[in-house]
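First the structure, in the form of structure tokens, and then the observations on it.
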Protein chains: 2
Amino acid sequence: MVDTDSPGNAPQGIRARARAELLADVSRIARSHLAESGAAQLSVRAIARELGLASSALYRYFPSRDALLTQLIIEAYDELGESVELAAAAVDRDDLGQRFGSICHAVRDWARANPHEFALIYGSPVIGYAAPDDTIASALRVARVLIDLAADVPADGLVLRTPGPLNNTLVEQLTAANVLAGVDADLDVLVLGVELWAQLFGFVSFELFGSFKNAFEPADALFDHQIDMAIRAFGLA
Amino acid sequence: MVDTDSPGNAPQGIRARARAELLADVSRIARSHLAESGAAQLSVRAIARELGLASSALYRYFPSRDALLTQLIIEAYDELGESVELAAAAVDRDDLGQRFGSICHAVRDWARANPHEFALIYGSPVIGYAAPDDTIASALRVARVLIDLAADVPADGLVLRTPGPLNNTLVEQLTAANVLAGVDADLDVLVLGVELWAQLFGFVSFELFGSFKNAFEPADALFDHQIDMAIRAFGLA
DNA sequence: TGGAAGCGAGAGCACTGCTCTCGTTTCCAT
DNA sequence: ATGGAAACGAGAGCAGTGCTCTCGCTTCCA
């Protein structure tokens, strides 16, 4: 029993390494349960059972089921965010229409591949659940990709815009978003982008949660049309 | 104890009247619990407690908690549907822009006044929950109001439209919707309407579920702008 | 008027999240 | 090297859940 910490693989002690491993195991199993049965069915005891642990042992690692859910939320946001970032980067950066379409398809594809995860982050908050600030950074990744796109869209091509100046509050909010993202998107472009962002997720929600039932199944053609329309609204067609 | 069924108020027997009353009571209490704490917290036992009944007694009236939730879902759809119908009827039928705005505001106002009900019907389905057909008719009421509007929008004014013909599948789906609603809306108008429908509910979901947090609070100006843009897309401005 | 059906109460089952205690193991500072 | 402190896992237990079953009682209807 000499030299427990000399091997190069883990400079940490036995405890720390075991803890890290168990945390990873819990996360892995929790994610598989989430993917299979949804957040509502996620059971601390079931996870413990699968790990061969007493349920009480898990509370050494997570203060509550909500905390576990919060971590799953963050991971879901990050997974979606990464998909979208990759999709945006995978196409010609200057072909803004294609870039927008790629982003939209990434969101929809990820949501269809991970419906319970999507429901967890964009469906009704599981309980009175006040989203902790931890989740916000990850949640913003998709928004960031879109705002970066908006910053590249030329303002003079916009097909859909209001004639007069924007409402003062709106200008402040949009400007703050620009500042937060470190870009300087035209506000008319940006506000259209925000609205198309809502449209994108409204569409995916409708598709996954059944509002298109008996009407737009499959919804592929409708989705492509919606993207086409959005590109036209931006003046990118 | 003579003449129990002769009074004009209730031709039915004692049993039937008591049953109807209790059903109404359960529904009333369930709705108040839903409005206060959300669907996830809805407890059959808590309802029974408030009624002074054993929890088992409620199972004479509802086969399961899910069945109770289903009824709440239907009631929520109907309530929202009625609000929207009233809003659409409250304005000049020929002022299509105002009619559209009135519909949108009705949806948003109802959702903000009844967030848990909105989450119940447009958030993630509570469980694996396959929406029974009972709910569909009620769910269609909002869609119907919008499709009726679309049928009145002149096709030649459309600002946002695709140049070529629509995808075949899409044409079939849109035509089926027309048939189902008994109208003959122009398909380019109709598809835009569907997409703006998704946008409307995407917006409200974002607002209620926190996606606009730290960015568009309040979201009034953004909402008004979105409606304005939609009206322009329809060519109604 | 008597059998059938509907009803409410209560006990009970299997499950949940979570807490507390207790003996053991690991760690870290002396 | 060793002893105290901290971390750990197991297990019992609590309060709560949805739901089932049985048992008397009441209402109904033929």
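Return yes or no: is B:Asp186 touching a helix residue (DSSP H, G or I) at 6+ places or on another chain (Cβ under 7 Å) and either open to solvent by less than 60 Å² (accessible area, probe 1.4 Å) or not hydrophobic (A, V, I, L, M, F, W, C) (or both)? Yes.
Looking across A:Ser83, A:Ser32, A:Ser27, A:Ser56, one residue alone is in a helix (DSSP H, G or I) and within 12 Å of DNA strand D (Cβ to nearest atom). It is A:Ser56.
Of B:Arg19, B:Arg31, B:Arg45, all but one fail to be more than 14 Å from every other protein chain (Cβ to nearest Cβ), near DNA strand C (Cβ under 9 Å from one of its atoms) and closer than 25 Å to B:Ser124 by Cβ; the exception is B:Arg45.
Taken together, the residues in the stretch A:106-126 that are free of Cβ contacts under 8 Å to residues at least 60 places away in the same chain and outside any loop (DSSP other than H, G, I, E, B) amount to 5.
The conditions of being assigned to a helix (DSSP H, G or I) and either among the β-branched types (Val, Ile, Thr) or more than 9 Å from chain B (Cβ to nearest Cβ) (or both) are met by A:Val179. The residue that is farthest from the chain's Cα centre (by Cα), counting only those in the stretch A:60-83 that are within 8 Å of DNA strand C (Cβ to nearest atom) and touching a residue at least 12 places away in the same chain (Cβ under 8 Å), is A:Phe62.
A count restricted to the stretch B:192-220 and to residues that are more than 18 Å from A:Val191 (Cβ to Cβ), among the aromatic types (Phe, Trp, Tyr) and facing another protein chain (nearest Cβ under 7 Å) stands at 2.
Would you confirm whether any residue within the stretch A:141-160 is within 9 Å of chain B (Cβ to nearest Cβ), surrounded by 13 or more Cβ atoms within 10 Å (Cβ to Cβ) and of a type in the set (Val, Ile, Thr)?
Step one: of the stretch A:141-160, the residues within 9 Å of chain B (Cβ to nearest Cβ) are A:143, A:159-160.
So of that shortlist, the ones also surrounded by 13 or more Cβ atoms within 10 Å (Cβ to Cβ) come out as A:143, A:159-160.
Next, from what is left, pick out any that are of a type in the set (Val, Ile, Thr): A:159.
Yes, that holds for at least one residue.
Within the stretch A:48-101, the residues that satisfy the criterion of being more than 30 Å from A:Val142 (Cα to Cα) and in contact with a helix residue (DSSP H, G or I) (Cβ under 9 Å, 6 or more places away or on another chain) are A:Ala48, A:Arg49, A:Glu50, A:Leu51, A:Leu53, A:Ala54, A:Ser55, A:Ser56, A:Ala57, A:Leu58, A:Tyr59, A:Arg60. Are any of the residues in the stretch A:185-205 part of a loop (DSSP other than H, G, I, E, B) and at pLDDT 95 or above? Looking for residues that are part of a loop (DSSP other than H, G, I, E, B) and at pLDDT 95 or above, one finds at least one in the stretch A:185-205, hence yes.
The values are calculated or read from the model by the stated rules, or taken from the named source; none is laboratory data. This one's a predicted model, so the numbers in the text were calculated from it and none came from an experiment. Neighbour counts are summed over all protein chains in view; Cβ atoms, including those assigned to glycine, are modelled from backbone coordinates with ideal geometry. Calculation scope for accessible area: heavy atoms of the full protein, side chains included, ligands and nucleic acids excluded. Shrake-Rupley method; radii C 1.70, N 1.55, O 1.52, S 1.80 Å.
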